[in-house]
Amino acid sequence: MASSNISIFQSKKISLFLNISFLLLLSVFLKTHIFPSNTSLLHLSLGTTTISSVSNPLFLRSIRTDGCTGLQNYQDYEYKCLYVKRHIGCRPKGYISYLQFFYCNFGQFPFLGHVVLLLWLLVLFYLLGNTTANYFCSSLESLSKIMKLSPIIAGVTLLSLGNGASDVFASIVSFTRSGSGDVGLNSVLGGAFFISSVVVGIISILISSRHIAVDKPSFIRDVLFSLFSLISLFLIIAIGKINLWGAICFASIYFVYVFAVSATHFFCRNEETSNSNQDTGEIAIPLLGSVDDEKPILLEKTDLEEQLQIPSFLHLNSSTCYYFGKILHVLELPLQLPRRLTIPVVSEERWSKPYAVISVTLAPLLLAALSNTQRENVGLRSSLVTYLTAGLIGMVFGNLAFVTTKNSTPPKRCLFPWLAGGFLMSVTWTYIIAEELVSLLLSIGHIIGINPSILGLTVLAWGNSLGDLIANTAMAINGGTDGTQIAISGCYAGPLFNVLMGIGLSLVLSSWSVYPSYFVIPTDPSLYETIGFLIGGLLWALVILPKKNMRLDRFLGGGLLTIYVCFLFLRLARALGLLNLHGTSFKL
């Protein structure tokens, strides 16, 4: 209990730090954009900088080029400020122009600008993970129960979707919105490589002394499907283009995998003896139990969090504790309140009728705002009609929620519309955050002069995979044989879902937008290296594990970690210009 208290207190400190950081960032944004100073470069660029820049032939020539690569041709921050404001290729892919924000407001103080962007990057990662865990996965869990899905189907569909939501949406955004699909490809493949090599390697090393063996048929099935998917993706990238039907076929591989998992599970249940059936049930139960068993833990943590509003080492009187707790609660609102007011939540422990009524009222307005931002050249009249329609729909939903719900308990009847609405809005928020995260990474790539695909391969992939590292490692260490089996299965089934659904759906949507023409795949030669090393890691595990009687040990884990470190060293060395191949320096 003490360790639990400490971990919760640490998580609350992180939450408070990020919320306070968000407030500081918001104040900086308001100061520099809504109330700019007279000496701001936003005004300066209209004066002498404009005149001197326009007379620069290099500046005029670079404006006509595509992309924002010409930004690195200038050393003076005033030129860069004017460049990003006038160059169409430097326009933001999300909702904030980070390049203009950096060069026009922090051009004289780049270190401070880097700190601001780093803090915002941490906030976005927190929002992405927190939205997925607290809203998206909660809706999926309840939907699986209402739809009465079997444990195995829920595990390979809804649970995989919950674990891989951030990767999937980041990939979709990079293809459909940012115009930089190589970031999405590198993010998904980098995450898959990290999980299947680093996470599996760490688990193998940590539990090597226990001599735990994993299920051979399940392992071979998952690895073979992963290899087939990667080879298919390799061919797609090599061809360089794909049509709608080809993209659908690629994404459909995952449904074949779901069928294979279901068929294997059904066959084993019918063929094994009663004793083996009992053992199989014990292995299968945690997959379903991984959802159900987390409930008491979450409830316990919720109760503890209420008790730990004030650190136990502060001996304060009741009045001081009350006001201190209120202050902490207010400080935690900035990042929580916008989502709470737009995502319907009907769980027992988090039910609130006022929040429920407000969320169903405001949710259509958020969807309307998102719809208007996704469309180009939206007129004022069209935008106004969209908002008025959304407002009317929201008021109808709000009145229905107010009349049909109780203050004390969440609704018991007609629960599916509530869960579907919560799922839709959690998807919306995840998409918005992922879109802004990809936009920020693209901007950081331009600022530091490195290809954004490297950031997708490392920063974005690591950030999205950190939860898998913690959860799967903890499950393997504390869950015994069954926990290890589930953790290892998740390390292969999860990345398989991300590759087929994340990249697959991205290709489907992108090819649909240009139908009946072919969608041209982003050209990034480094993708071949990533896929090659990823296949190498899978083959290493496929060869070593059967020779070790399916027992996880240090040899397997060390080999996987070595493969990943070699790959990472190669990519980073080339990105930094430290490695020349065939006499040419590759700047990735």
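The values are calculated or read from the model by the stated rules, or taken from the named source; none is laboratory data. These numbers come from a predicted model, not from an experiment. Every residue, glycine among them, receives a Cβ derived from its backbone with ideal geometry; neighbour counts consider all protein chains shown.
At a glance:
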read-out	value
Residue in the range 454-468 that is over 26 Å from Ser226 (Cα atoms), small (Gly, Ala, Ser) and in contact with a Phe, Trp or Tyr (Cβ under 7 Å, 6 or more places away or on another chain) present	no
Any chance Ser209 is in a helix (DSSP H, G or I), closer than 19 Å to Ala476 by Cα and either touching a Phe, Trp or Tyr at 6+ places or on another chain (Cβ under 9 Å) or not hydrophobic (A, V, I, L, M, F, W, C) (or both)	yes
Filter result for Leu460 (of a type outside the set (Lys, Arg) and either at pLDDT below 85 or farther than 13 Å from Leu189 by Cα (or both))	yes
Test: residue in the range 137-149 that is buried (at least 22 other Cβ atoms within 10 Å of the Cβ), at pLDDT 75 or above and under 17 Å from Leu440 (Cβ atoms)	no
Filtered residues of the range 97-117 (kept if surrounded by fewer than 16 Cβ atoms within 10 Å (Cβ to Cβ) and either under 17 Å from the mean Cα position of the chain (by Cα) or assigned to a loop (DSSP other than H, G, I, E, B) (or both))	Gln108, Phe109
Failed criterion for Ile212 (all others in (1) crowded, with 19+ Cβ neighbours inside 10 Å; (2) in contact with a Pro (Cβ under 8 Å, 6 or more places away or on another chain); (3) not hydroxyl-bearing (Ser, Thr, Tyr) hold)	(2)
Residue pairs meeting the criteria (Cβ under 8 Å; at least 6 apart or on separate chains; first more than 28 Å from Ser453 (Cβ to Cβ), in the range 547-572; second among the basic types (Lys, Arg))	Met550/Lys216; Phe555/Lys548; Leu556/Lys548
Every pair of residues 6+ apart whose Cβ atoms lie under 6 Å, when the first sits in the range 511-525 and is in contact (Cβ under 8 Å) with a residue 60 or more places away in the chain and crowded, with 19+ Cβ neighbours inside 10 Å while the second is in a loop (DSSP other than H, G, I, E, B) and among the basic types (Lys, Arg)	none
Scan of the range 374-406 for residues that are at pLDDT below 85 and not aliphatic (A, V, I, L, M), ordered by number	Gln374, Arg375, Glu376, Asn377, Gly379, Arg381, Ser382, Ser383
Breaking point among (1) of a type outside the set (S, T, N, Q); (2) surrounded by 13 or more Cβ atoms within 10 Å (Cβ to Cβ); (3) modelled with pLDDT of 50 or more, for Ile8	(3)
Qualifying residue in the range 404-422 (condition: among the aliphatic types (A, V, I, L, M), out of contact with any Leu (no Cβ under 6 Å at 6 or more places or on another chain) and surrounded by fewer than 19 Cβ atoms within 10 Å (Cβ to Cβ))	yes
Matching residues in the range 426-458 - criterion: being within 16 Å of the chain's Cα centre (by Cα) and outside any helix (DSSP H, G or I)	none
The one condition in (1) among the charged types (D, E, K, R); (2) in contact with a Lys or Arg (Cβ under 8 Å, 6 or more places away or on another chain); (3) crowded, with 21+ Cβ neighbours inside 10 Å that Glu529 fails to fulfil	(3)
Residues satisfying the stated conditions in the range 539-554, i.e. more than 23 Å from Ser229 (Cα to Cα), within 31 Å of the chain's Cα centre (by Cα) and part of a helix (DSSP H, G or I)	Arg554
